[in-house]
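The values are calculated or read from the model by the stated rules, or taken from the named source; none is laboratory data. None of these values were measured; they are calculated from a predicted model. Counting neighbours? That spans all protein chains shown, and the Cβs are built from the backbone with ideal geometry, glycine included.
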Amino acid sequence: MMHVPPAYPGMREEEADTPALIVDLDAFEANLDCMAALIAPTGARLRAHAKTHKSPVIAHWQRQRGAVGQCVQKVAEAEVLAWGGIDNILVTNQVVGTRKLARFVALAGMAEFAICVDDIRQIEALESMAADAGRRVGVLVEIDVGMNRCGVAPGAPAVLLAQRIARSKHLIFKGLQAYHGAAQHLRTPDARETAIGAAAALTVRTVDALREQGLQCDIVGGAGTGTFEYELQSGIYTEIQAGSYCFMDADYARNHGGRAAGFQHALFILGTVMSQTRDGAAVVDVGLKAVATDSGLPLVANREGVLFAGASDEHGTLRWDAGAYGQAVSYGEKLRLIPGHCDPTVDRYDWYVGVRQGRVEAVWPVAARGGTY
């Protein structure tokens, strides 16, 4: 059940009920334009990752700036995007289970869909479902390029899966998924460049092995907000799957010494100071249910010296040096917080509140919220 929106167009930002998920529209649009400008000269395509924003509205914004389509992690996310008019979607994940596969194949009648596999059993199940539905679907072989999560070994094992797909009457071999998620948050540029250099070498070797067997890769996909520059430099990646760039978060900013690497912080949690009974401390109504803390606590935006020091279910504690900063925040005041990890933070909310120059301009649903199946 969706809750009542926390704000409506025309209101001032500070009038919104809190906690509220705020998108600074000027910064958000600048981020979309920045990524489009970075990718355009390279010949690669942007397939933005919707696991970050979970919104057909944002997907259309990205499409208008040249994105070829969207990535998702779950069939439920794919359904919401397809129902919202997005017509080119890649599930960058393995899908196991008859009901999930049936839902995925059904979507192939609405849009251009592809999916990732790393096991012959997945190929056989997908082929059977596609045959029953009388459909053909695109398939990428995911290779493990250092993530140590999903993915078949590069080289010959990947070629065997690709050959099996190519022999199918109902599946179309589209290429490789070569995502190195663990590299996204390595803290130094040298470490990220080294990790992606190794991933690219494994990917090149696999592409060459496929070519020797007469198989071409229309898509070589991967990359993320933390490393896409290095995937682009490699020349082997044809699609960049960055997602968080549209919002940025505190953890990605830590890759760049607290700065957002040419992108701006565009996503905030608006909270209210709900209690202030001690010097140098206050409590806001933003706790663990309102902001993800898996990648660290949120930052307090535009408030020097004020730290978000801890969280419980419904409360967040702010602390500062009262001697240096006096009464740094006031009872009842609204504050913007920068989440440590944008993706799971977004998934806590029903609504985006789009704000420009302090006034609410748009409110739209986080349509794929909770789409974990």
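Summary table below
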{"item": "Residue in the stretch 189-206 that is over 30 Å from ALA133 (Cα atoms), part of a loop (DSSP other than H, G, I, E, B), hydrophobic (A, V, I, L, M, F, W, C) and not assigned by TED's automatic domain parsing to the domain that holds LEU299 present", "result": "no"}
{"item": "In the stretch 217-253, the residues that are over 17 Å from LEU90 (Cβ atoms), aliphatic (A, V, I, L, M) and more than 13 Å from the chain's Cα centre (by Cα)", "result": "LEU232, ILE236, ALA250, ALA253"}
{"item": "Wholly within the stretch 2-84, helices (runs of 4 or more DSSP H) carrying at least 1 residues that are on the phi > 0 side of the Ramachandran plot, in the same structural domain as VAL139 (by TED's automatic domain parsing) and modelled with pLDDT under 95", "result": "none"}
{"item": "Only listed residue being touching a helix residue (DSSP H, G or I) at 6+ places or on another chain (Cβ under 6 Å) and within 20 Å of GLU212 (Cβ to Cβ), chosen from PHE104, PHE173", "result": "PHE173"}
{"item": "Hits in the stretch 157-203 (condition: farther than 30 Å from ASP343 by Cα, surrounded by fewer than 18 Cβ atoms within 10 Å (Cβ to Cβ) and among the hydrophobic types (A, V, I, L, M, F, W, C))", "result": "LEU160, ALA166, ILE172"}
{"item": "Only listed residue being outside any loop (DSSP other than H, G, I, E, B) and in contact (Cβ under 8 Å) with a residue 24 or more places away in the chain, chosen from TYR373, TYR352", "result": "TYR352"}
{"item": "Criterion: of a type outside the set (Ser, Thr, Tyr), in contact (Cβ under 8 Å) with a residue 24 or more places away in the chain and within 20 Å of VAL68 (Cα to Cα) - qualifying residue of LEU186, LEU176, LEU161", "result": "LEU176"}
{"item": "Restricting the stretch 261-316 to residues that are among the β-branched types (Val, Ile, Thr) and within 13 Å of ARG336 (Cα to Cα), the residue that is surrounded by the most Cβ atoms within 10 Å (Cβ to Cβ)", "result": "VAL284"}
{"item": "Among the candidates LEU90, LEU126, LEU107, LEU101, residue that is modelled with pLDDT under 95, buried (at least 19 other Cβ atoms within 10 Å of the Cβ) and not small (Gly, Ala, Ser)", "result": "LEU107"}
{"item": "Boolean, VAL363 is at pLDDT 95 or above, assigned to a loop (DSSP other than H, G, I, E, B) and in contact with a strand residue (DSSP E or B) (Cβ under 9 Å, 6 or more places away or on another chain)", "result": "no"}
{"item": "Tally, over the stretch 16-28, of residues that are touching a residue at least 60 places away in the same chain (Cβ under 8 Å) and more than 18 Å from ILE58 (Cβ to Cβ)", "result": "3"}
